[in-house]
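Inspection log for the structure reproduced underneath, given as structure tokens.
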Amino acid sequence: MSKPQNINDAYLDQSITFEGLKLDQRLIQALKEQGFINPTVVQSSSIPLALEQKKDIIARASTGSGKTLAYMLPVLQTILEFKKINPTYKAEKAQDALSSSIGIILVPTRELSEQADKVLSKITTHCSQDIKAVNLSSSKLSEAVINSLLIESPDVLIATPAKLSQILTSKFFSLEDLKFLVIDEVDLILTFGYKDDLWKISEYLPLKKNLQTFLMSATLNDDIQELKEKFCKSPAILKLNDDVINKDKSKLAQYYISVSEFDKFLLCYVIFKLNLIKGKTLIFVNNIDRGYRLKLVLEQFGVKSCILNSELPANSRQHIVDEFNKNVYNLLIATDDTEYIKEEDELEDENDIDNESEEKQENKSQKKKSVSDKEYGVSRGVDFQNVSCVLNFDLPTTAKSYVHRVGRTARSGKSGTAISFVVPKKEFGKHRPSSCDTCKKDEKILNRIIKQQTKLGFDIKPYSFDIKQMEGFRYRMEDGFRAVTQVAIREARVKELKQELLASDKLKRHFEENPQELQKLRHDKELHPARVQQHLKRVPDYLLPESARKNVKKIGFVPFHKNGSKGRAGKKAFKGGKKNKKSDALKNFK
Ligand SMILES: Nc1ncnc2c1ncn2[C@@H]1O[C@H](COP(=O)(O)OP(=O)(O)OP(=O)(O)O)[C@@H](O)[C@H]1O
């Protein structure tokens with residue numbers, strides 16, 4: 001992954017530096033090399049509580065506010081201090097029949113395990129002899145290599161709950177030496193059905209007096225009450241009031257656009273063909289087929305994108321995220337089909353239970369069809385770098401997942417834009433090929449999102465625009481959309497999977513031979529199972545906005561108009577919400 005982003009001042013606690021947190025000089029040196037001088041608010045709040053008062057911690061802080069180091073630094077510091085006073089510990093461990101670790105970090109997805117592993121290896125640059133870590137969910141190491149590393153009792157284990165409970169039942173690994181247990185994205189851990197694994201893990205935990213626990217997430221609610229009772233002893237609860245973090249509320253500009261099912265594709269085509277969004281865009285869709293359909297439709301018009309979903313091999317997925325973070329791609333279509341625990345009010349609202357159960361059946365059957373990796377997830381926690389816009393092509397199914405999706409942009413205090421397509425109830429189901437079952441409840445979910453964002457002090461505004469402005473493109477879109485048949489989508493899925501599996505094998509061999517290097521394997525190759533009509537790739541002049549006709553080169557950045565203001569005489573402009581100077585990625589469209 002590219003160099004971590006420095007968090008903007010809004011997130012930093014300027015009253016203290018990492019030196020002031022009494023951390024080992026080797027850790028401070030590594031932090032300095034990352035450009036980290038001051039801790040973030042969640043770090044300066046949790047590290048002293050963990051190190052000086054030995055408290056268990058339950059922390060909720062905004063996405064992108066530095067929670068990873070908030071738990072990682074106390075774990076590493078504790079291990080370094082423990083080894084200083086027990087110099088013979090390693091030699092004694094080597095004699096033990098059972099392997100064990102001093103710190104364990106549980107995360108819900110492989111993506112997050114890779115990310116935590118990367119952060120850990122950067123921070124232990126100057127003490128890697130004293131701290132060994134193993135990522136049980138690593139996509140770069142084979143099972144055999146991981147097992148051989150486990151035998152040496154690594155100091156830190158990074159894993160999903162399923163992987164950890166698997167090695168505990170194998171009886172060759174114990175938690176007797178465990179001093180620190182971290183559960184990151186704790187509410188998602190419960191959603192991912194890890195509760196049984198967690199309960200099994202809790203049976204192996206040493207006495208509470210020797211163990212400290214951290215429960216972290218950007219969204220916490222009463223679901224974690226059970227976890228708190230099971231894993232914590234009088235924990236310090238940090239619900240960082242978002243006023244400190246969000247004092248630059250304008251950093252994240254949020255908009256929604258009411259649009260019919262087909263016009264979602266039309267609007268996407270116009271936005272990305274005319275480059276109306278500056279910088280990288282992360283598009284979320286609600287199922288795998290939708291991702292391929294959108295990719296193939298955009299391909300018809302020469303707009304390239306790469307795909308991320310739970311069917312792809314884990315190391316390919318990690319490679320795609322790394323390449324996206326290195327700006328190799330500008331457009332990433334990610335499938336977020338995680339079913340989250342619905343909040344209480346959402347369950348009350350579910351008045352059409354029958355449809356709900358029908359839908360659940362449909363989802364379940366769909367899930368059965370695709371062999372997906374249960375440990376996939378990109379809407380949570382993944383530290384995407386420099387994403388200027390998150391586009392909810394399909395609205396998420398809960399307000400909570402909305403928070404995590406839009407949290408992929410405006411990270412570390414940077415500006416970002418979130419745009420969500422909302423299908424009005426009256427438009428739902430009118431155009432089957434472009435329809436998505438979850439969109440039936442879009443208006444209800446949008447109301448919850450608006451309520452929740454208002455409570456957090458954020459605004460989410462309608463981006464109303466003159467749909468007639470896009471009429472000129474409609475015919476072309478209908479042509480291009482028709483070429484992408486269900487058969488073409490199926491073929492694309494198979495083809496992409498084959499390509500990625502092949503690439504993944506190459507990657508695996510390559511990682512083993514050159515572990516430090518990531519090979520340049522393109523993931524946004526055009527899949528072309530649909531008939532591609534070459535003429536669609538060019539936008540004829542008569543369709544271009546006037547301002548772009550004179551000098552097509554300028555097309556790369558065609559601004560939208562501010563709310564209510566008109567473009568040239570007679571040209572109705574796209575009227576955005578209150579223009580947000582800092583982060584309005586959608587520019588005026590003359
Ligand atoms: N003290 C710091 N100073 C500067 N940058 C920091 C600091 N701590 C973390 N960062 C950077 O901020 C970014 C976000 O950090 P991190 O991923 O830990 O946030 P998070 O709160 O875990 O987000 P999420 O809720 O999405 O998991 C990372 O790129 C990280 O390198």
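Laboratory data are not the source of any read-out in this text; all were calculated from the coordinates shown. All of these numbers come straight from a predicted model, not from anything done at the bench. Quick reminder, even Gly has a Cβ in these numbers, built from the backbone with ideal geometry, and neighbours come from all protein chains shown.
Normalised by 2.2 N^0.38 Å, where N is the number of residues, the alpha-carbon radius of gyration of the range 40-92 equals 1.34. Convex hull volume per residue, computed on the Cα atoms of the range 9-241, equals 121 Å³.
The rule of thumb for compact globular proteins, 2.2 N^0.38 Å, goes into the C-alpha radius of gyration of the range 290-331 1.20 times. When the alpha-carbon atoms of the range 1-110 are used, the pair Rg, Dmax equals 15.7, 50 angstrom. Once the Cα-Cα distance is subtracted from the 0.36 nm per residue extended length, the E513 to I151 segment shows a gain of 128.1 nm.
How high is the FRET efficiency between D130 and N327 when r is their beta carbon distance and R₀ equals 51 Å, given to the nearest 0.05? E between D130 and N327, to the nearest 0.05, is 0.90. Taking 0.36 nm per residue of separation and subtracting the Cα-Cα distance, full extension of the segment from K461 to K444 would add 4.5 nm.
Packing here is the average count of other Cβ atoms within 10 Å per residue, and on that basis the peptides 258-266, 45-53, highest first, run 258-266, 45-53. The S142 and H431 beta-carbon pair, evaluated with R₀ = 45 Å, returns a calculated FRET efficiency of approximately 0.45.
With both labels modelled 7 Å from their Cα along Cα-to-Cβ, the K54 to I16 distance reads 1.9 nm. What the Cα convex hull of the range 159-219 gives, in volume per residue, is 78 Å³. Using the Cα centre of the range 6-83 as origin and beta-carbon charges of +1 (Lys, Arg) and -1 (Asp, Glu), tell me which of T17, V41, T78 is placed farthest towards the positive end of the dipole. Final value for the positive-end residue is T78.
When the pairs K304/K414; K83/K230; K93/K179; K67/K118; K228/K451 are compared against a 18 Å limit on Cα-Cα distance, K304/K414; K83/K230; K228/K451 fall above it. Extension gain for K122-R490 works out to 128.4 nm (0.36 nm per residue, less the C-alpha to C-alpha distance). Put simply, when 146-154, 199-207 are sorted by average Cβ atoms within 10 angstrom per residue, most first, you get 146-154, 199-207.
Each of D96, D13, D394, D197 was scored by other Cβ atoms within 10 Å of its Cβ. Arranged with the fewest first, they read D96, D13, D197, D394. Put simply, the amide H of Y256, placed in the peptide plane, has neighbours under 5 Å in S420, K461, Y463, leaving out anything fewer than 5 places away on its chain. Projecting label points 7 angstrom from Cα along Cα→Cβ for Y475 and Q534 puts them 2.1 nm apart. Computed from the C-beta positions of Q166 and L502 and an R0 of 35 Å, the FRET efficiency is 0.80 to the nearest 0.05. The simple spin-label model puts a point 7 Å past each Cα toward its Cβ; for E229 and K195 those points are separated by 1.2 nm. Using the average count of surrounding beta-carbon atoms within 10 Å as a protection proxy, the listed peptides 490-499, 383-392, 419-428 rank, highest first, as 383-392, 419-428, 490-499.
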